[in-house]
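Where a number appears in this text, it was derived from the coordinates with a stated rule and is not lab data. Quick caveat: nothing in here was measured; it's all calculated off a predicted structure. Quick reminder, even Gly has a Cβ in these numbers, built from the backbone with ideal geometry, and neighbours come from all protein chains shown.
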Amino acid sequence: MTAVRSDLISKAQAGDGGAFRELTEPHRRELQVHCYRMLGSLQDAEDVVQETLLAAWRGIGGFVEERATLRTWLYRIATNQSLNARRAAGRRPATAWDVPDVEPPEPTSLGEVTWLEPCPDALIGSPIEGASGPESRYELTESISLAFVTALQVLPPRQIAVLILRDVLGFHSREVAGMLGSTVDSVNSALKRARSGLQRRLQGAGREPPPAPGSPDEAAIVGSFVRAWESADLDALVALLTDDVFVSMPPIPFEYTGRDAAIRLCGSIFGSGRRFDLVPTRANGQPALGAYLRASTGARRAAGLYVLTVAGDRICAMTRFESGVLPWFGLPGSLPVASRWPDQDRARPIGR
């Protein structure tokens, strides 16, 4: 421990709020990402981080650097606060289909995880130095993906905590046992069950890897999707989707698995006359698009966020979130009024 750090800890323990903030602020972002993985909700994660820092401030007097690093101590508090949040609050209920003038096709399944929220790439940032230990098994991009975060949510809470602390962050079993007030044997047993449960839930085993984020290959796929979606071109969409493409729309529980089911859903949307403009952004390390519904007046109002999962040169999943998440991505509630809609009536027929 450096003399400067020791001095900051002493000042914080004496009640210096500035010293406490200087100690904890470098860890805030990674703690928020950690709580997001635990809870699947960015809003809940923000609340838990605030509770974590409040608990740390109240408990800083008892912190001893020789027993654990400050980072490990903060992760212990954040993990237990997240577990408390999962126990105390019931999950937000699913909502009914609410798209005007659109009759959706029968879903292939109903989702279990309807409270899921997207995480802006601006929050995730680049890999945080020291954020993953030598025993971590997952890269940052994989461990923050929608598929990974969704799969975590259906595991028992304690298994979620153990798997993230061990396989994502790379803490040793003895450190995790200390954080959770458990034993090494109990941690190892929970980890084995969590790994098994996660693999059963993760979709797309054996798929081609996605193109590099921000690469020309990724941009080409996203650009093709934008052109197809904005022009309601179902034939072009078919060419972009994998056979097993998966479409979900939390908090609406409807899920559509397979290209035919996905195209039926898209056909019901386009067949109603709804047309969109898309604005690119990024969520969960994946390409994402803010969707804006065109009105006959030229107005374009927010209609949701689409997050795309890419495998090779095809789209293997699309998750649609409600428009309330757009401000998290710096996207407006509406776009400037357009004077005319090019190719407004040139949508391909639903039956292809």
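Quote the relative contact order of segment 216-335 in percent (integer), defining contacts as alpha-carbon pairs under 8 Å separated by 6+ residues.
Working: 211 pairs, mean separation 28.5, N = 120.
Averaging sequence separation for qualifying contacts and normalising by length gives 24 percent for segment 216-335.
Dipole magnitude of the chain about its Cα centre, charges +1 at Lys/Arg Cβ and -1 at Asp/Glu Cβ only, in debye to the nearest 20?
In debye, rounded to 20, the chain gives about 520.
Would you please put 256-264, 159-167 in order of how densely packed they are, using the mean number of other Cβ atoms within 10 angstrom per residue and starting with the highest?
Descending packing order for the listed peptides: 159-167, 256-264.
I need the fraction of alpha carbon pairs in segment 1-124 separated by more than 26 Å, rounded to a whole percent.
Counting every Cα pair in segment 1-124, those more than 26 Å apart make up 38 percent.
Whole-Hz ³J(HN,Hα) for each residue in segment 262-277, computed from phi via Karplus 6.51 cos²θ - 1.76 cosθ + 1.60 with θ = phi - 60°, x for glycine and proline: what do you get?
Karplus-based 3J(HN,Hα) across segment 262-277 equals 5, 5, 4, 5, 4, x, 5, 6, 5, x, 7, x, 6, 10, 10, 10 Hz.
Between residue 243 and residue 139, what length in nm is gained on full extension when 0.36 nm per residue of separation is reduced by their alpha carbon distance?
Gain in length upon complete extension: 34.8 nm.
For the chain, build the charge dipole from Cβ charges (+1 Lys, Arg; -1 Asp, Glu) around the Cα centre, then report which of 88, 8, 304 sits farthest towards its positive end.
Value: 88.
How large is the translational diffusion coefficient of segment 216-335 in µm² per second when you combine the Kirkwood radius over alpha carbon pairs with Stokes-Einstein at 25 °C and 0.890 mPa s?
Details: Rh = 14.4 Å.
Rounded to a whole number, D works out at 170 µm²/s.
Can you give the relative contact order of segment 39-124 as a percent, counting alpha carbon pairs under 8 Å and 6+ residues apart? Write out the running numbers ahead of the final one.
Details: 34 pairs, mean separation 41.2, N = 86.
For segment 39-124, the relative contact order is 48 percent.
Compute the distance in nm between two label points, each set 7 Å from the Cα along the Cα-to-Cβ direction, one at residue 272 and one at residue 92.
Between residue 272 and residue 92, the simple spin-label model gives 2.0 nm.
How far, in degrees from 0 to 90, does helix 28-39 lean away from the longest principal axis of the Cα atoms of the chain, to the nearest 10?
Helix 28-39 and the main axis of the chain meet at about 70 degrees.
Listed highest first by mean packing, meaning other Cβ atoms within 10 Å per residue, what order do 24-36, 95-107 come in?
Result, highest mean Cβ count within 10 Å first: 24-36, 95-107.
Quote the relative contact order of segment 138-202 in percent (integer), defining contacts as alpha-carbon pairs under 8 Å separated by 6+ residues. If you can, show how the numbers build up before the last one.
Working: 49 pairs, mean separation 24.2, N = 65.
Rounded, it is 37 percent for segment 138-202.
In what order do 189, 41, 215 fall by count of nearby beta-carbon atoms within 10 Å, going from fewest to most?
The order, fewest Cβ neighbours first, is 215, 189, 41.
Suppose every Lys and Arg Cβ carries +1 and every Asp and Glu Cβ carries -1, with no other charges. What dipole size does segment 1-90 come out with about its Cα centre, to the nearest 20 debye?
Here segment 1-90 has a charge dipole of around 240 debye.
Under a crude label model (7 Å from the Cα following the beta-carbon direction), how far is residue 67 from residue 109 in nanometres?
4.4
Label points 7 Å out from Cα along the Cβ direction at residue 172 and residue 196: separation in nm?
2.7
Which length gain, in nm to one decimal place, applies between residue 338 and residue 186 when the Cα-Cα distance is subtracted from 0.36 nm times their residue separation? Kindly include the intermediate steps, with their values, before the conclusion.
On the way: separation 152, 0.36 × 152 = 54.72 nm, distance 6.06 nm.
Result for the pair: 48.7 nm of gain on full extension.
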